[in-house]
């Protein structure tokens with residue numbers, strides 16, 4: 001339900017990781033993608049874990065050669081979920097796009113450093129005009145129903161345990177979503193126990209690193225190059 005995509009007429013049924021994994025499988029089939037490296041931020045990383053496990057979509061396990069999860073984990077902090085629900089479920093409306101940009105700069109401050117041009121681009125691609133002329137963030141507020149209808153949707157340890165490809169986990173040092181103790185548990189399970197997990201903590205960021213500067217991108221590029229050998 002973002003950008004120009006459709007908003008689900010049945011959010012309680014469709015806004016969940018299993019449905020997103022089905023969409024990913026159909027998307028890859030449509031494009032003829034047989035092998036790929038998955039880089040996912042937040043929800044995108046959770047979908048990646050579900051896909052890479054093959055427990056729900058066996059073809060996706062065959063397709064994914066490596067997995068990068070950006071500030072997400074097989075278990076996320078409830079306090080962070082509550083924070084996201086507090087602003088994402090009731091997006092505010094503003095009289096001007098500049099006011100909306102100021103709002104984005106506040107709620108997305110944990111992304112880390114973005115240039116003025118990047119903040120403008122983020123705003124331009126995330127703006128929806130309401131019938132009364134005001135502007136608001138462009139996504140379906142019903143997406144937070146996922147946390148109500150499927151409260152354990154982001155508890156994906158069985159999927160993590162089944163992943164047998166290299167995994168890179170990025171965590172913003174100030175993240176409230178991925179707890180340090182969760183990283184410890186990840187190192188002892190699934191790809192972590194098999195020596196296939198790499199963890200990098202990203203300074204100056206919370207949830208989630210914006211992946212817009214060399215310090216974020218270079219480790220990902222090196223990881224994918226190594227996985228592709």
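The values are calculated or read from the model by the stated rules, or taken from the named source; none is laboratory data. Since the structure is predicted, the reported quantities are computational estimates derived from the model, not experimental observations. Positions of Cβ are backbone-derived with ideal geometry, glycine not excepted, and every protein chain shown enters the neighbour counts.
Okay, here's what the table says:
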read-out	value
Selected residue (only one of 141, 158 is surrounded by fewer than 17 Cβ atoms within 10 Å (Cβ to Cβ) and modelled with pLDDT under 95)	141
Test: residue in the range 125-132 that is surrounded by fewer than 19 Cβ atoms within 10 Å (Cβ to Cβ) and either assigned by TED's automatic domain parsing to the domain that holds residue 47 or part of a helix (DSSP H, G or I) (or both)	no
Enumeration of residues in the range 188-218 that are under 20 Å from residue 118 (Cβ atoms) and touching a strand residue (DSSP E or B) at 6+ places or on another chain (Cβ under 9 Å)	202, 203, 204, 205, 206, 207, 208, 209, 210, 211, 215, 216
Residue within the range 21-36 that is in the same structural domain as residue 157 (by TED's automatic domain parsing) and in contact (Cβ under 8 Å) with a residue 40 or more places away in the chain present	no
Which listed residue is outside any loop (DSSP other than H, G, I, E, B), buried (at least 17 other Cβ atoms within 10 Å of the Cβ) and in contact with a strand residue (DSSP E or B) (Cβ under 6 Å, 6 or more places away or on another chain), from 122, 100	100
Elements of type helices (runs of 4 or more DSSP H) contained in the range 144-203, each with 2 or more residues being under 19 Å from residue 52 (Cα atoms) and without any contact (Cβ under 8 Å) to a residue 40 or more places away in the chain	190-193
Residue in the range 108-127 that is at positive phi and in contact with a helix residue (DSSP H, G or I) (Cβ under 9 Å, 6 or more places away or on another chain) present	yes
Verdict on residue 52 being in a strand (DSSP E or B) and either under 19 Å from the mean Cα position of the chain (by Cα) or surrounded by 16 or more Cβ atoms within 10 Å (Cβ to Cβ) (or both)	no
Test: residue in the range 72-80 that is buried (at least 16 other Cβ atoms within 10 Å of the Cβ), part of a helix (DSSP H, G or I) and either touching a residue at least 60 places away in the same chain (Cβ under 8 Å) or at positive phi (or both)	yes
Candidate set from the range 87-97 (those that are assigned to a helix (DSSP H, G or I) and in contact (Cβ under 8 Å) with a residue 24 or more places away in the chain); member that is surrounded by the most Cβ atoms within 10 Å (Cβ to Cβ)	88
